[in-house]
Amino acid sequence: MERQGLARRSTSDWRVAACRAICIVGTVLLGQSASSEGTPAAAAPTTDRVGFPKDYRTRFKVLGVIVKEQALRVSTVYGNEQAATVTSRDHLPFPEGSIILVEFSDALRDANNQVVRDANGALQRGEVDHIDVMKRGKGFGETYGENRSGEWEFTGYRLDGSYTTPPEKSAQCAACHRTAGPENDFVFRMRAAPARM
C-alpha cells in the first residue's frame with residue numbers, strides 16, 4: 001500500500017500530533033509538567049516484553065479502521081489470534097498473550113499532494129509512520145505502579161523495529177489506558193463494544 005509521491009510529515013511532528021492526547025492525560029496522571037526537566041521518569045518496565053511483531057499484517061486480524069477526516073489520518077487496529085477472540089465485553093478479560101497493535105499513517109496523497117480517496121470517498125492509508133503495540137501477559141504492568149492498567153505493557157516502534165516509545169518511557173501509555181477502565185480491560189475499543197453479540 002505504500003506509494004511514491006506521498007507527502008510525509010516528519011516523525012517528530014507526527015508523534016506530537018498522534019500522541020498529544022496521550023501525553024496530556026499521561027502528564028496529568030503522572031503529576032508531571034510537560035516542560036519540566038530533571039523530574040524522575042515515572043515507573044515503567046526496563047525490558048521489552050511486548051516485542052516488535054514484524055509480520056503483523058499477515059498474522060494478525062484487522063479489528064477496525066479509524067479515519068480522522070479533519071486530521072487526514074488513518075489508523076488501523078490489528079489483533080493477534082488471542083485478541084481477536086474478544087468480540088464483546090462478555091469475553092473480557094483478554095486472554096494472556098493478546099497483542100493489540102495500532103498502525104498510524106497520514107492519508108495517501110498523489111504526486112500533486114492531493115488526498116487520494118477510494119470509490120466511496122473514504123481516505124486511503126498512506127505510508128505508515130509508526131505502530132503502537134500493547135501485550136497482555138501474566139504479571140505484566142506491575143512496574144507501572146500507580147499507573148498500572150491491568151496486565152498490559154506498551155511499546156511503540158517504527159517499521160524497521162526501532163523504538164518510538166521504548167519500554168522505559170511507556171508510563172504515559174499505561175496512564176492513558178487507565179482511563180479506558182477495568183470494565184473494558186483497559187482497552188479503548190471495548191468501550192463501544194456490545195455487552196453481548
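Here is a yes/no grid of residues against (1) charged (D, E, K, R); (2) in contact (Cβ under 8 Å) with a residue 24 or more places away in the chain; (3) part of a strand (DSSP E or B):
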position	(1), (2), (3)
V62	no, no, yes
T76	no, yes, yes
V86	no, yes, no
P93	no, yes, no
F104	no, yes, yes
G121	no, no, no
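Of the residues R136, R117, R89, only one is open to solvent by 10 Å² or more (accessible area, probe 1.4 Å) and either hydroxyl-bearing (S, T, Y) or touching a Ser or Thr at 6+ places or on another chain (Cβ under 8 Å) (or both); which?
Going through R136, R117, R89 in turn, the sole match is R136.
Among the residues of the range 61-84 satisfying the criterion of being of a type in the set (A, V, I, L, M, F, W, C) and out of contact with any helix residue (DSSP H, G or I) (no Cβ under 8 Å at 6 or more places or on another chain), which is surrounded by the most Cβ atoms within 10 Å (Cβ to Cβ)?
Per the criteria, the residue is A83.
Mind checking which residues of the range 87-115 are modelled with pLDDT of 95 or more and of a type in the set (V, I, T)?
Listed by number, the residues that qualify are I99, I100, V102.
Here are the criteria: (1) among the polar types (S, T, N, Q); (2) open to solvent by less than 10 Å² (accessible area, probe 1.4 Å); (3) not in a loop (DSSP other than H, G, I, E, B). Tell me which single one S149 does not satisfy.
That leaves (3) as the condition not met.
Go through (1) touching a His at 6+ places or on another chain (Cβ under 6 Å); (2) open to solvent by 10 Å² or more (accessible area, probe 1.4 Å); (3) hydroxyl-bearing (S, T, Y) for T143 and report which single condition fails.
For T143, the exception is condition (1).
The values are calculated or read from the model by the stated rules, or taken from the named source; none is laboratory data. All of these numbers come straight from a predicted model, not from anything done at the bench. All Cβ positions, glycine included, derive from the backbone under ideal geometry; neighbour counts span all protein chains shown. In case anyone asks, the SASA skips ligands and DNA or RNA and just uses the protein heavy atoms, side chains included. Shrake-Rupley method; radii C 1.70, N 1.55, O 1.52, S 1.80 Å.
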